[in-house]
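Have a look at the structure below before the remarks.
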Amino acid sequence: MVDVTTVRRTHGGSAAAPEHCQGHDSPGVRPVTLDADGITLSGVLSEPAGEAPRAVIVALHGCGMNARYFDGQAHPDVSLLALGAHLGYMVLALDRPGYGASAAALPAGQRLTAQAATVRSAVRTFAAQHAPGAGILLLAHSFGAKVAFAAAASWDTPRLLGVDVSGCGRRPAVGTDAVSCPRGNGLRRLNWGPLSLYPPRTFWASRRMAAPVPAYEVSTVAGWQRLSTAVLPRVRVPVRLTFAEHETWWRHGEDDLADLTARLSAAPRVVVDRLPRAGHNISLGWAARAYHLKALAFFEECLTAGEVNQDVPGRVVGDTDREPATGRAG
């Protein structure tokens, strides 16, 4: 979720945004479009220079954002697309259905299961056009995390290796009507937390990644606790969950995390991390690099597990002994 207009006024600053915040992507990042069973999805893509990718990271943004959430321009350390490519990954950040190129065709967006199917179709198209390396890794934020879980639960596309999500729990800490409430200080606090957590000019740079929230998305928020009961037990790959210190959309006490991780009963490994000095929009703050590096380290572990499983006859990715989740970073 994002409330750029309100946050920008509160943060202050000059009347004009600096040149580096206006309409630019990180070096090597380029726009792409993909066919998803007749629906055109847009996004941005980065690739490792001069080498085949280790794997493909598919990144899914939250409510009120677009794919460029993962290519923040307020500071060079913020961009997941730049960091991932530097470390050998191909990173595809998609505009989810109802955003970007699909907004005109899907003005109300899509409900959760339909979004998941569209994302899987887009990934299938992408994998047919590019060498995906060892397979696919999903990284998602907020509402995008729900889509990632739903996509993983019915995965039928090239090899899925793991799922990393931030800003998404199971028990809401606020009323579900907050997602559609008017802009104001309350929404700003939920989305961002203390403004000191973000580099200067973050909110100018974020203007180009803000987008209206499709109607179906708003209505789906209220049903997530019920839907998650059916979705989460069908995720069969390792999962990593990150909660920011200043996460206020979701309850994330020990009991809440125990409930959440217990629902991921088929996941062979569940890791829970708490990220200090971060707000809900983790990938835009000073803590973004730390979060992205931890996510990439988790993905390295998923790659290793996948290579080991390939050597064991009859074993598939994720078919390992389940680790108990501790509810703490480990």
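Things to note:
- Compactness ratio for region 65-128: Cα radius of gyration over 2.2 N^0.38 Å (N = residue count) comes to 1.27.
- Phi to ³J(HN,Hα) by Karplus 6.51 cos²θ - 1.76 cosθ + 1.60 over region 63-73, Hz, x for Gly, Pro: 4, x, 10, 9, 4, 6, 3, 8, 9, x, 10
- For VAL32, residues with placed amide H under 5 Å, excluding near neighbours: GLY43, VAL44, LEU45
- Solvent-accessible area per residue, Å², over region 143-284 with all protein chains present [probe radius 1.4 Å]: 36
- Per-residue HN-Hα couplings for region 139-149 [Karplus 6.51, -1.76, 1.60; θ = phi - 60°; Hz; x = Gly/Pro]: 10, 8, 10, 6, 4, x, 5, 4, 5, 4, 4
- Fully extending the segment from THR304 to THR229 would add 24.0 nm, taking 0.36 nm per residue of separation and subtracting the current Cα-Cα distance.
- For GLY162, the residues 5 or more places off, or on other chains, whose built amide H falls under 5 Å of its own are LEU138.
- Amide H contacts of LEU275 (H built 1.01 Å from N, under 5 Å, at least 5 apart or other chain): PHE243, ALA244, GLU245
- Using a probe of 1.4 Å on the protein chains alone, the accessible area found for ARG54 is around 100 Å².
- Solvent-accessible area of ASP255 with every protein chain in place, 1.4 Å probe, in Å² to the nearest 10: 120
- Modelled spin-label separation between ALA266 and LEU195, with each label point placed 7 Å from Cα along the Cα-to-Cβ direction: 4.6 nm.
- Estimated D of region 191-276 in µm² per second, where Rh is the Kirkwood radius over Cα pairs and Stokes-Einstein applies at 10 °C, 1.306 mPa s: 102
- Per-residue HN-Hα couplings for region 46-61 [Karplus 6.51, -1.76, 1.60; θ = phi - 60°; Hz; x = Gly/Pro]: 10, 9, x, 7, x, 8, 6, x, 5, 6, 10, 9, 9, 10, 10, 7
The values are calculated or read from the model by the stated rules, or taken from the named source; none is laboratory data. Note that this is a predicted model, so its numbers are computed, not measured. Methodologically, a virtual Cβ is constructed for each residue, glycine included, from the backbone with ideal geometry; neighbour enumeration extends over all protein chains shown. Accessible surface areas use protein heavy atoms only, side chains included; no ligands, DNA or RNA. Shrake-Rupley method; radii C 1.70, N 1.55, O 1.52, S 1.80 Å.
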